[in-house]
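Colleague: I am attaching a structure below and will ask some questions about it afterwards.
The values are calculated or read from the model by the stated rules, or taken from the named source; none is laboratory data. Since we're looking at a predicted model, the values are computed, not measured. Cβ coordinates were reconstructed from backbone atoms using ideal geometry, including for glycine residues, and neighbour counts include every protein chain displayed.
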Amino acid sequence: MIVKNYYKILGLETSRVSIEEIKTAYRQAAKKYHPDLNVGDNLAEEKIKDINEAYRTLSVPSSKRKYDRIWNSKFGKGEKAFTRKNDKGAIINMFLGNLEKEEKETKKKNPVKGENVETSIHIGLLEAYFGLEKRISFKNSEGKIKVLSITIPEGILDGEKIRLIGQGKPGKNGGKNGDLLIEIKIDNDRKFKLKGADIYTDLLITPWEAALGTRVSIEGLDEEIKVYIPQGISSGEIIRIPNKGYKINKTARGDLIAEIKIVVPKNLKEAEKKLYQKLEEVSKFNPRNDKK
């Protein structure tokens, strides 16, 4: 790689300049040879490449010191090195070659943390609500099955991740291992469905309970709850029980929402049939004709 006199390219006559002076010289040179001001000028295009290359080297103190040291050792001592006639087009492959080599060696020596590994597991709604100890198995970086025991905290949210430090891919050059990230996916069960922080469930009642109103017990996540069923309630209506849903934080919970399902007996006794027949005779209610 051919490297020219970077100081001269930036319009500087000496290497004894500060980084701020180098930046100022770079801005002036870049403005002078900017492509927008030199349209179609191939020389200007080459100049701007040299200017950028010079700035990248001299604006970093460590690379500037290396450049100065190698330039002076190859082409002269002190400031005379920057005034010689043959400095234009000088080849100092050693500079960038050694710089690149040192950078590669530094990367090899520096500890590098291993990559993280991600996986997911499914747990039940009640398991998520109460928390549990769970054994999981996964393939490690060597393709072997690894079994770990993890603690899933109570009230964990759907999509939340558990981090196991050091259980990911191995690090390099003595670097730490990566981590294992486990995404939790909560599955609904036959009784409860999770929507946000609210818990949905069905509340089965009889036709006469719906008609007359009553008090019934409903099963929540962690307790039995007494609720009042107003008279005349219909299937599909809901009863909302505040603060009995899923955990939001240590003090707050969502709501428990019970949807009414009116269940008609399939095998009526004779006495029950007569009561329904009597009700049919005396009642004027017909939902198909009801305007309200």
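Colleague: Just checking, does region 131-146 include any residue being in a helix (DSSP H, G or I) and either modelled with pLDDT under 80 or surrounded by 12 or more Cβ atoms within 10 Å (Cβ to Cβ) (or both)?
Modeller: Of all residues in region 131-146, those in a helix (DSSP H, G or I) come to none.
Among the residues of region 131-146, not one is in a helix (DSSP H, G or I) and either modelled with pLDDT under 80 or surrounded by 12 or more Cβ atoms within 10 Å (Cβ to Cβ) (or both), which makes the answer no.
Colleague: Now, a different point. Sort through 206, 201 and tell me the only one that's of a type in the set (Ser, Thr, Tyr), in contact with an Asp or Glu (Cβ under 8 Å, 6 or more places away or on another chain) and within 30 Å of residue 276 (Cα to Cα).
Modeller: After applying the criteria, what remains is 201.
Colleague: Take region 241-280 and flag every residue that is farther than 16 Å from residue 211 by Cβ and charged (D, E, K, R).
Modeller: Scanning region 241-280 gives 244, 247, 250, 253, 255, 259, 266, 269, 270, 273, 274.
Colleague: Further, regarding this structure: Test of understanding: among 179, 158, 202, 198, which residue is surrounded by 12 or more Cβ atoms within 10 Å (Cβ to Cβ), farther than 30 Å from residue 265 by Cβ and not assigned by TED's automatic domain parsing to the domain that holds residue 125?
Modeller: One residue alone meets the criteria, 198.
Colleague: Sticking with this one: Which pairs do you get when a residue that is within 13 Å of residue 167 (Cα to Cα), found in region 126-141, comes within reach of a residue that is surrounded by 14 or more Cβ atoms within 10 Å (Cβ to Cβ) and of a type in the set (Lys, Arg), reach meaning Cβ atoms under 9 angstrom, with the pair 6+ apart or on two chains?
Modeller: 140/169; 141/169
Colleague: Tell me which residues, restricted to region 114-130, are charged (D, E, K, R) and in a helix (DSSP H, G or I). Spell out the reasoning first.
Modeller: Residues of region 114-130 that are charged (D, E, K, R), as a first pass: 115, 118, 127.
Passing the criteria: only 127.
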